[in-house]
1. Let me confirm something: among Arg322, Arg316, Arg279, which residue is in contact with a His (Cβ under 8 Å, 6 or more places away or on another chain), within 28 Å of Thr118 (Cβ to Cβ) and of a type in the set (Lys, Arg)?
2. Can you tell me how many residues in the stretch 2-27 are farther than 19 Å from Met329 by Cβ and part of a loop (DSSP other than H, G, I, E, B)?
3. When you look at Val212, is it more than 17 Å from Glu53 (Cα to Cα), within 16 Å of the ligand (Cβ to nearest atom) and more than 16 Å from the chain's Cα centre (by Cα), yes or no?
4. Of everything in the stretch 59-111, what is over 15 Å from the mean Cα position of the chain (by Cα) and assigned to a strand (DSSP E or B)? Give them in sequence order.
5. Restricted to the stretch 73-99, and to residues that are among the hydroxyl-bearing types (Ser, Thr, Tyr) and away from the ligand (no atom under 16 Å from the Cβ), which residue is surrounded by the fewest Cβ atoms within 10 Å (Cβ to Cβ)?
6. For the stretch 286-332, what are the residues that are of a type in the set (Lys, Arg) and surrounded by 15 or more Cβ atoms within 10 Å (Cβ to Cβ)?
Amino acid sequence: MLPAKVLEQVREELTDWQGSHCSVMEVSHRGKTFMAAAHEAESALRELLAVPESYRVLFLQGGATGQFSAAPLNLARADSTVDYLNTGAWSKKAIDEARRLTARVNIAADEGASRYTTVPAAGALRLTEGASYVHYTPNETIGGVEFPYVPHTAGVPLVADMSSTLLSRPVDVSRFGLIYAGAQKNLGIAGLVVVIVHEALLGMARPGTPAVWDYQAMAKEGSMVNTPPTFAWYVAGLVFHWLLKQGGLTAVAAHNQTKAQLLYDAIDGSDIYSNPVARQCRSWMNVPFILADPKLDSTFLTEARAEGLINLEGHRSIGGMRASLYNAMPLAGVDALVAFMKEFERRRG
Ligand code: PMP
């Protein structure tokens, strides 16, 4: 969900944006007003994450899925291996794409044995010396599995698909070579993917890389090799400012942790709900849970919907339920869900 304040501001200025007598969707992306808003959004993001000067921030299209291709196209050297950690559905998709584009993909960890309910131990990664990069998914959105640590890669660039965790808490950007995140979770709306890339990794794209996914070309042109997703960029800027107003990412992290703990406590304390993920790597953002009797799933979802509790269906690939607790979800939303779950258990348990 988006913060209500952001939606209200969008509504407020939709037909007359900053005195332009038209909407942000109708101005030129190279005009002064949009360029100023675009820069301001980048500054706010840099402030939130304390992005070091040596990193470029790009506002691109093609989603995180586009970045599954862009990462190998830009960073995989012809003569070396790329390492991937497989912790679930989204890592798997990144791996499939890397395999299409590079010959040597090493799976440095695969949590299949636990049915992707764990992350590998920090010391158990089978990393390749001299690899082009190590790729991982800090938060698996479908499985609800989150790394409680940042992998050490002995100088090899670390690449992270942070689609469902970026801006949920502070992160030490300097540990990463490349971070990317689709905007539609914590950053704003679909249509935009944010890329944070160390400048040392620019200029290595293989011949044939589409210009729209060439990090150096995009960095040089201020993400405007082509027309950027202006509306999504504008909304992201509003979200970044809203986050700064909340007290920045330390405050946001405390809020997120409280929300998640409340829900996990309710699940663990019940006889009919369960969450399969190992406790030390449970996601703060996506909480999947199942009912002891899966035949009750649809009743649960229908009754929840009647209480105004929506979007609780588990991902279509695994079923069950999933509560996504992105930044804009208020504590009251989690309280309402927990109260409903308790009442449902009392009646059906
Ligand atoms: N990676 C992760 C971790 C995701 O959660 C998602 C979307 N849910 C994607 C990649 C794919 O993102 P997109 O649809 O923006 O390509």
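The values are calculated or read from the model by the stated rules, or taken from the named source; none is laboratory data. Keep in mind that what you see is a predicted model, and the values were worked out from it rather than measured. Here the Cβ positions follow ideal geometry from the backbone for every residue, glycine too, while neighbour counts run over all protein chains shown.
1. Matching residue, one of Arg322, Arg316, Arg279: Arg322.
2. Final tally of qualifying residues: 15.
3. It is true that Val212 is more than 17 Å from Glu53 (Cα to Cα), within 16 Å of the ligand (Cβ to nearest atom) and more than 16 Å from the chain's Cα centre (by Cα).
4. Answer for the stretch 59-111, where residues must be over 15 Å from the mean Cα position of the chain (by Cα) and assigned to a strand (DSSP E or B): Val82, Asp83, Tyr84, Leu85, Asn86, Val105, Asn106, Ile107, Ala108, Ala109, Asp110.
5. Ser80
6. Correct list: Arg322 only.
Quick grid of which residues meet (1) more than 16 Å from the ligand (Cβ to nearest atom); (2) exposed (fewer than 15 other Cβ atoms within 10 Å of the Cβ); (3) assigned by TED's automatic domain parsing to the domain that holds Ile196:
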{"site": "His21", "(1), (2), (3)": "yes, yes, yes"}
{"site": "Glu26", "(1), (2), (3)": "yes, yes, yes"}
{"site": "Phe34", "(1), (2), (3)": "yes, no, yes"}
{"site": "Arg46", "(1), (2), (3)": "yes, no, yes"}
{"site": "Glu53", "(1), (2), (3)": "yes, yes, yes"}
{"site": "Gln61", "(1), (2), (3)": "no, no, yes"}
{"site": "Thr65", "(1), (2), (3)": "no, no, yes"}
{"site": "Ala71", "(1), (2), (3)": "no, no, yes"}
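Results for (1) modelled with pLDDT of 95 or more; (2) surrounded by 21 or more Cβ atoms within 10 Å (Cβ to Cβ); (3) not in a helix (DSSP H, G or I), shown as yes or no for each residue.
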{"residue": "Ser223", "(1), (2), (3)": "yes, yes, yes"}
{"residue": "Val235", "(1), (2), (3)": "yes, yes, no"}
{"residue": "Ala251", "(1), (2), (3)": "yes, no, no"}
{"residue": "Ala260", "(1), (2), (3)": "yes, yes, no"}
{"residue": "Asp265", "(1), (2), (3)": "yes, no, no"}
{"residue": "Val334", "(1), (2), (3)": "yes, no, no"}
